[in-house]
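Scroll down for the structure; my scribbles are underneath it.
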Amino acid sequence: MSEAVHNGASDDTHARGQHFRNDPEEEGAEPAIQQLPLDAWHRARGGRMVAFAGYEMPVQYEGIMAEHLWCREHAGLFDVSHMGQLVFTGEEADTALEAVLPGDVKGLADGRMRYSLLLGEGGGILDDLMVTRRGEELYMVVNGATKYDDIGHLLDALPDSVTMNLQDEQALLALQGPKAVDALSRLVPGVAGLVFMTAGAFEWNGAPLWISRSGYTGEDGFEISLPAEHAVAFADALAAESEVKPIGLGARDSLRLEAGLPLYGHDLDPETTPVMADLGFALAKRRRGAKDFPGAERIVMEREQGPIAKRVGLLVEGRQPVREGAGVIDEDGSEVGKVTSGGFAPTLGAPIAMAYVPLALAVPGTRVTLAQRGKVHHATVTPMPFVPHRYVRAGAPK
C-alpha cells in the first residue's frame, strides 16, 4: 500500500518524515540495502548485481559495450524502480510545488510532463525530476539516491491542504531505443500515439499502466509505472519481443553521457545552480519574471551576467577516458575546473566527459588541459549532446 502524508500536525509529520527517510534505529548505522521487485528476474538473466542508491541493481548482463549498442539500435529494458514515484493531491497542489520548483507547474496540461529542479534557498539544485499532470493530481519522479531527502524537504514546504503519496508498491521500467515503440505497441496498443514528454493511462492483462514517452538515454522510448506484483510478468512479455534485451546501469550511464544528460550527485549538486548546469530551459519565463522560487535573485542575475562556472562537454584526445574528479588546469598547473562525468563513448568510439569550467573556457572549440592521477590529457570543449537525441516530438513525421 502506498504511503500518504498530510503536511499537518508537526509531531506526526516529523515522525512520518523519519519513516520516509528510512533512518536506522541506531545512529550511524547503514540503512539496509533494498531489493527491486525484479531482483530474481535480473539474477536469472545473468545480471551482475551491485549496490546503487540503496538498492541491489544490475550493472550489466552480457557487457556494457554490447548493451549500449543494442539500445542505440534496437530496444533496451531498464529497471528504474529505485526511483521515487510521488503523487500530490489537494487544493492548489500545483501552486504549492511552484514554491520549490522554478518551472511552470500551473500551466501543465493533462498528460503533459516537464523536467524541473528542486531548489534550495540559495538556488542550488537539491534534485532534478519529472512532474506530470495526471487528471486531478500531479505525478513526480525523483532520483532514487535522494528520494527520502526530497520527501523531507517537500514535507516542510507543502501546506496542510496538500497530500503527498509515495507509491512504494509501484515498479518503474524504461524501454529505450528506436525499436521500443514497435515492441511496446504489440503489448499495449495505442502507445504510439504518445509523443515526447506526454503520458497516459493504459492497461495490460488487467494491470493498470501509466506510460510516458520519455527516458534518459537520448533515444525514443517509454517509462512504464505499474503495480510491483505485475512487474515480472510484464518484463517477461517485453523481453520476449525480438527487439528487446535487458540493460544494466553501466550502459544506462554511458548512454546518458553521450546524450549530454547530467546525473544528480555527479554533475548536479546543492552547490550548483541551474545556470551553472546549463539547465536554463527548466526556468519558466513567467517564474523568472516573478522571481518567486528559491534562489531566484541569484539565478536571474547569473542568467544576465553569466555564472562563475558552467557545465560543458569535452571531446578527449586519445583513447584513454578521463573520469570524474579529474582537474581542469591552467597554464600554471592550477586547478580551475573539475570533470564530473567521463568515460568511453561506444557510439563515437572515443572518450568524452562533462566538466565545470570558468565561463571564459566554456566556448565551443576551446582546448583545455586535464590532470588525472599525475597524467595530463587534452580535450576540446564541444556542444552537447555528443550523440543527437532521437525523441519523437509533436508534429514530427512518423
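Structure data summary
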quantity: Qualifying residues in the stretch 243-267 (those that are of a type in the set (Gly, Ala, Ser) and part of a loop (DSSP other than H, G, I, E, B)) - the one farthest from residue 73 (Cα to Cα); calculated: 265
quantity: Evaluation of residue 242 against (1) over 15 Å from the mean Cα position of the chain (by Cα); (2) closer than 23 Å to residue 48 by Cβ (one fails), failing number; calculated: (2)
quantity: Condition met for residue 295 (free of Cβ contacts under 8 Å to residues at least 40 places away in the same chain, not aliphatic (A, V, I, L, M) and not assigned by TED's automatic domain parsing to the domain that holds residue 219); calculated: no
quantity: Neighbours by Cβ (under 8 Å, 6+ apart or cross-chain): first from the stretch 256-267, modelled with pLDDT of 95 or more; second among the aromatic types (Phe, Trp, Tyr) and outside any helix (DSSP H, G or I); calculated: 256/216; 257/386; 258/386; 259/216; 259/386; 260/386; 261/216
quantity: Residue match in the stretch 108-115 (condition: crowded, with 17+ Cβ neighbours inside 10 Å, at positive phi and either out of contact with any helix residue (DSSP H, G or I) (no Cβ under 7 Å at 6 or more places or on another chain) or among the polar types (S, T, N, Q) (or both)); calculated: no
quantity: Check on residue 345, within 22 Å of residue 275 (Cβ to Cβ), hydrophobic (A, V, I, L, M, F, W, C) and not assigned by TED's automatic domain parsing to the domain that holds residue 63; calculated: no
quantity: The stretch 59-88: number of residues that are surrounded by fewer than 21 Cβ atoms within 10 Å (Cβ to Cβ), within 29 Å of residue 139 (Cβ to Cβ) and acidic (Asp, Glu); calculated: 0
quantity: Subset tally (residues that are touching a residue at least 12 places away in the same chain (Cβ under 8 Å) and in a loop (DSSP other than H, G, I, E, B)) for the stretch 334-372; calculated: 8
quantity: Lone unmet requirement of (1) of a type in the set (D, E, K, R); (2) out of contact with any Phe, Trp or Tyr (no Cβ under 8 Å at 6 or more places or on another chain); (3) closer than 25 Å to residue 207 by Cβ for residue 134; calculated: (2)
quantity: Selected residue (only one of 110, 94 is outside any strand (DSSP E or B) and either closer than 19 Å to residue 213 by Cβ or not assigned by TED's automatic domain parsing to the domain that holds residue 164 (or both)); calculated: 110
quantity: Leading residue by the ranking (farthest from the chain's Cα centre (by Cα)) among those in the stretch 331-355 that are farther than 29 Å from residue 67 by Cβ and surrounded by 14 or more Cβ atoms within 10 Å (Cβ to Cβ); calculated: 336
quantity: Test: residue in the stretch 268-280 that is part of a helix (DSSP H, G or I), more than 14 Å from the chain's Cα centre (by Cα), without any contact (Cβ under 8 Å) to a residue 12 or more places away in the chain and within 25 Å of residue 157 (Cβ to Cβ); calculated: no
quantity: Single residue of the stretch 113-141 satisfying the filter (charged (D, E, K, R) and assigned to a loop (DSSP other than H, G, I, E, B)) that is nearest to residue 211 (Cα to Cα); calculated: 136
quantity: From the options 313, 289, residue that is crowded, with 16+ Cβ neighbours inside 10 Å and out of contact with any Leu (no Cβ under 8 Å at 6 or more places or on another chain); calculated: 313
quantity: Tally of residues being free of Cβ contacts under 8 Å to residues at least 60 places away in the same chain and of a type in the set (Gly, Ala, Ser) across the stretch 167-189; calculated: 1
quantity: Within the stretch 184-219, tally of residues that are within 27 Å of residue 347 (Cβ to Cβ), among the small types (Gly, Ala, Ser) and in a strand (DSSP E or B); calculated: 1
quantity: Failed condition for residue 103, given (1) farther than 30 Å from residue 55 by Cβ; (2) assigned to a loop (DSSP other than H, G, I, E, B); calculated: (1)
quantity: Criterion: farther than 20 Å from residue 140 by Cβ, part of a helix (DSSP H, G or I), in contact with a helix residue (DSSP H, G or I) (Cβ under 9 Å, 6 or more places away or on another chain) and without any contact (Cβ under 8 Å) to a residue 40 or more places away in the chain - qualifying residue of 300, 232; calculated: 300
quantity: Residue in the stretch 158-181 that is surrounded by fewer than 20 Cβ atoms within 10 Å (Cβ to Cβ), part of a helix (DSSP H, G or I) and in contact with a strand residue (DSSP E or B) (Cβ under 8 Å, 6 or more places away or on another chain) present; calculated: no
quantity: Qualifying residue in the stretch 143-155 (condition: over 27 Å from residue 272 (Cα atoms) and more than 18 Å from the chain's Cα centre (by Cα)); calculated: no
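The values are calculated or read from the model by the stated rules, or taken from the named source; none is laboratory data. None of these values were measured; they are calculated from a predicted model. Every residue, glycine as well, gets a Cβ built from its backbone with ideal geometry; the counts of neighbours run over all protein chains shown.
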